[in-house]
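Reviewing the structure listed below.
The values are calculated or read from the model by the stated rules, or taken from the named source; none is laboratory data. Predicted, not measured: the structure shown is a model, and the values here were computed from it. Because the Cβ atoms are built from the backbone with ideal geometry, glycine has one as well, and the counts that use them run over all protein chains shown. These accessible areas exclude ligands, DNA and RNA; they are computed on the full protein's heavy atoms, side chains included. Shrake-Rupley method; radii C 1.70, N 1.55, O 1.52, S 1.80 Å.
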Amino acid sequence: MEVEVMKMMKTTKKTKLVLLIAVPVMVVVILQQFWLPSLNFNRLWRTVSQHGSTNDSHRNDDEFINGLLPPGFDQKSCLSRYQLNLYRKPSPYIPSSPLLSKLRRYEALHRRCGPNSPSFRRALAGLTSPTNSTSLPEDCKYAVVLTRDGLGNRILAIISAFFYALMSDRVFLIDRGNALDDLFCEPFLGSSWILPSDFPLRREFGSFRQSFPGSFGNILRNGMLKKTIEDSPASYLYLHLSHDASDYDKLFYCDRQQNLLKKVPWMIMETNNYLVPGIFLGSFFREELNKLFPAKDTVFHHLGRYLFHPTNGVWGLISRSYKPYLARAKEMLGIQIRNFGSESGSFQDQMNQLLACTQKKKLLPDVEQSSPEKSNSTASQTVKVVLVTSLSSEYSETLKEMYWEHGGVDGEVVAVYQPSHEGIQSSNKKMHNRKALAEMYLLSLSDVLVTSDWSTFGYVAQGLAGVKPWMLYKAEDKVFPPLNQWLKYRTRNETGDWPCRRAVSMEPCLHVPPVCDCDEMKRRDGGNELPFVTHCEDASWGLKLVDEFN
């Protein structure tokens, strides 16, 4: 009897042990299969192990950004593609389903027609022998972008050309050159976005400018565009859309011209501007644009996060700044100061404006002027990290000294960090551009941004961040108006109050918009034609996209 009891007890213990092991496994299986089919448990475990919690609001485990990025890339070859979102808060802006479908179709087009494909080789043959151009595959047309000026301008140019290629069903290629060398990973799986070095027209790129006789604008000015495209088909056409574009160049945005341009196999575009607001003005793509971007002020935000992924070299600069200096912040304030040389006024004027902005708008605390005993009170302390990007170190050093000597009121700790201060802009130097790109991305991790008027560097950071920045007014005649003269100053700046004002959207500004109508070359005001295209805060003649429902 005792032997049977002992056997039963052993069996009961085994049964309990099996149940203890089996039940949790069954629960996980059920959860995976039936309750949470979309949850990636491996990714969840990776996040928990790396960060200790899945509830950290500063972490974003969605490595594919709500379906914006396709899977399949080698993670080691481009670490930022999979790791950057671990530093970002989740974006509140969700890409539309039509946009995701459009991007997947574009990727298939790029694989089929991109460099090294049979279709690309046939297209090159048509380029060198125009008589063969009519035999090109109907779905293999190209938009090649030539960029110029600083890195911010070049990034705006790339986004603009890709946006146009996406809308016009062209394959997008970039003549990278030394200025963009080793900055970005390849964005398209299975093909390159880089124009091959032996591209037949590369030797002519140096002669492409506003005065080039064969440019779109000059052909149009001479009344030869229809004949050039329909009667004697051109194998390529050069579009000059930079800051010095003529009124004829800017007729590129018109429906009639777009209907002709779709027949040209190769479009060579040069710009240093953000062309997207001008493209929205026309009706040629509007129906599809309304589907792709129901929130019009998210174009750069979505396409920038889709297209640009810093290379491992740049990612090292970003991560080595973020982890020791920025990760501890409860809130991060990014400040970007663009100095326009002698036009910018004195350092002290700029510093006074920055302090007035950040303290008046409650972005930084007032300094504690009381005794050391009060500043060492037991009040709960929070850490606000201030990231400063500027060619000069004076701004960050002044802030750092101010908050080190006095501290913030209510015990708030302000930590100031500036990754680099290059002194002068050197846009053709590889390491200078690496640092610039790293700082754009560090700024894009900020909760709040303060940027300089007219700065494309700031435009890129705010677009990637998905943040409407506070914008610092540019000096007028080298002088900032004193605070007591603000009412007089305000009559010339209706967009806000001194010393800074909130941007109406996170989109960049088009500084060189179309100014003539498409039929009679009469003056037009594109900022008053559509509810989602308005004038820029920092350039009253410029145009930018806003959310029409906001």
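Do you know which of the residues in region 66-100 that are part of a helix (DSSP H, G or I) and within 17 Å of A295 (Cα to Cα) is most open to solvent (accessible area, probe 1.4 Å)? Looking at residues that are part of a helix (DSSP H, G or I) and within 17 Å of A295 (Cα to Cα), I get S97.
On inspection, P196 passes the criterion of being out of contact with any Ser or Thr (no Cβ under 9 Å at 6 or more places or on another chain), in contact (Cβ under 8 Å) with a residue 40 or more places away in the chain and of a type outside the set (F, W, Y). When region 500-533 is filtered for residues that are open to solvent by 60 Å² or more (accessible area, probe 1.4 Å) and part of a strand (DSSP E or B), the ones remaining, listed by number, are R502, R523. Taking the criterion of being farther than 22 Å from K263 by Cα and either basic (K, R) or open to solvent by less than 40 Å² (accessible area, probe 1.4 Å) (or both), would at least one residue in region 206-218 satisfy it? Yes, the conditions are met somewhere in region 206-218. With respect to being more than 18 Å from the chain's Cα centre (by Cα), exposed (fewer than 14 other Cβ atoms within 10 Å of the Cβ) and free of Cβ contacts under 8 Å to residues at least 24 places away in the same chain, R122 falls outside the description. The requirement of being in contact (Cβ under 8 Å) with a residue 12 or more places away in the chain, in contact with a Phe, Trp or Tyr (Cβ under 7 Å, 6 or more places away or on another chain) and either open to solvent by 70 Å² or more (accessible area, probe 1.4 Å) or under 26 Å from D139 (Cβ atoms) (or both) is fulfilled somewhere in region 239-250, by at least one residue.
From the list I268, I279, the lone residue that is part of a helix (DSSP H, G or I) and β-branched (V, I, T) is I279.
Scanning region 102-119 for residues that are farther than 21 Å from M167 by Cβ and either in contact with a Lys or Arg (Cβ under 8 Å, 6 or more places away or on another chain) or surrounded by 16 or more Cβ atoms within 10 Å (Cβ to Cβ) (or both) yields P115, S117.
Listed by first and then second residue, the pairs with beta-carbon distance under 7 Å, at least 6 apart or on different chains, first residue in region 157-171 and closer than 16 Å to A108 by Cα and in a helix (DSSP H, G or I), second at pLDDT below 95 and not hydrophobic (A, V, I, L, M, F, W, C), are S168/K262. Beta carbons closer than 7 Å, at least 6 apart along the sequence or on distinct chains, pair a first residue in region 441-452 that is of a type in the set (S, T, Y) with a second that is part of a loop (DSSP other than H, G, I, E, B) and open to solvent by 10 Å² or more (accessible area, probe 1.4 Å) for S446/V467; S452/I337; S452/R338. Scan H406, H421 and give me the residue that is of a type outside the set (V, I, T), surrounded by fewer than 18 Cβ atoms within 10 Å (Cβ to Cβ) and touching a strand residue (DSSP E or B) at 6+ places or on another chain (Cβ under 6 Å). The conditions single out H406. Between A356, A329, the distinction of being over 30 Å from K430 (Cα atoms), surrounded by 16 or more Cβ atoms within 10 Å (Cβ to Cβ), at pLDDT 70 or above and over 26 Å from the mean Cα position of the chain (by Cα) belongs to A356 only. The set of residues in region 282-300 that are closer than 22 Å to S242 by Cα and crowded, with 23+ Cβ neighbours inside 10 Å comprises V299, F300. What about Y164, is it open to solvent by less than 10 Å² (accessible area, probe 1.4 Å) and modelled with pLDDT of 95 or more? So Y164 passes the test. So, R320, is that one in a helix (DSSP H, G or I) and either open to solvent by 10 Å² or more (accessible area, probe 1.4 Å) or without any contact (Cβ under 8 Å) to a residue 60 or more places away in the chain (or both) or not? Judged against the criteria, R320 is a match. Within region 168-188, being open to solvent by 10 Å² or more (accessible area, probe 1.4 Å) and closer than 16 Å to S101 by Cα holds for S168, D169. Checking each residue in region 370-397 for being open to solvent by 50 Å² or more (accessible area, probe 1.4 Å) and at pLDDT 80 or above picks out L391, E394, E397. One residue stands out in region 204-252 among those that are in a helix (DSSP H, G or I) and polar (S, T, N, Q): the one that is modelled with the lowest pLDDT, namely T228.
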